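Here is the structure we will look at.
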């Protein structure tokens, strides 16, 4: 059996000859870290009789996910990803490039495979991965904005890439890369709740008029 050596250099995984793609998915799954927060369900807001006020409350609850580091790190306004729960600059320095998959010659896939990889390192315990690993499109650049401003951007087709509310819901509730936020690998706190709960909140927000908190 060929011995494969995985090198961690400047924050990037390099591989020697013989490393097969299956190795990316072969790392043992670490024990899940308990979420920092839970999410309320739409039923928890039923006592708010005014639909507009209930809609705002629902989005504010969903905002616990949207504003979590697991989402915000990949939604930078500056088109440069951040890392960690403190959202520090990506190491090595990285930009999204025109496609959101990194600059020419150094794509995200050079370091990020189709699944998380455990490194057993002291500073970097795992390298995140997903088959669609990339920055969010520029139309979904959120870092530095208030929750109200993010909400207004999300629901405006002129600023969200022409997406309908139904498409926004599908993305948030079912997209595999979005779902990574709840299974982010060892050393990272998952997004609050579950993707299913997040999707329910977003749908309830839409059903009550998609109202936004004050910017």
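Rule-based calculations on the coordinates, nothing more; no lab input. Just so you know, these numbers come straight off a predicted model, no measurement behind them. Here the Cβ is made from the backbone with ideal geometry for all residues, glycine too, and neighbour counts use every protein chain on show.
Values computed for the structure shown
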quantity: Test result for residue 187, in a loop (DSSP other than H, G, I, E, B) and surrounded by 16 or more Cβ atoms within 10 Å (Cβ to Cβ); calculated: yes
quantity: Of the criteria (1) touching a residue at least 12 places away in the same chain (Cβ under 8 Å); (2) surrounded by 15 or more Cβ atoms within 10 Å (Cβ to Cβ); (3) closer than 30 Å to residue 213 by Cα, which one residue 127 fails; calculated: (3)
quantity: Residues within segment 125-158 that are more than 21 Å from residue 96 (Cβ to Cβ) and either assigned to a loop (DSSP other than H, G, I, E, B) or within 15 Å of the chain's Cα centre (by Cα) (or both), tallied; calculated: 6
quantity: Some residue of segment 99-120 being under 15 Å from residue 73 (Cα atoms) and not in a loop (DSSP other than H, G, I, E, B); calculated: yes
quantity: Qualifying positions in segment 85-104 - loosely packed, with under 13 Cβ neighbours inside 10 Å and under 16 Å from residue 125 (Cβ atoms); calculated: 86, 88
quantity: Where a residue in segment 74-97 is without any contact (Cβ under 8 Å) to a residue 40 or more places away in the chain and on the phi > 0 side of the Ramachandran plot and its partner, wherever it lies, is surrounded by fewer than 18 Cβ atoms within 10 Å (Cβ to Cβ) and part of a loop (DSSP other than H, G, I, E, B), with Cβ under 7 Å and at least six apart; calculated: 97/103; 97/104
quantity: Residues being out of contact with any strand residue (DSSP E or B) (no Cβ under 7 Å at 6 or more places or on another chain) and either under 20 Å from residue 182 (Cβ atoms) or crowded, with 22+ Cβ neighbours inside 10 Å (or both) - total across segment 109-123; calculated: 3
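Conditions (1) closer than 17 Å to residue 171 by Cα; (2) surrounded by 15 or more Cβ atoms within 10 Å (Cβ to Cβ), marked per residue:
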residue: 55; (1), (2): no, yes
residue: 59; (1), (2): yes, yes
residue: 62; (1), (2): yes, yes
residue: 69; (1), (2): no, yes
residue: 80; (1), (2): no, no
residue: 83; (1), (2): no, yes
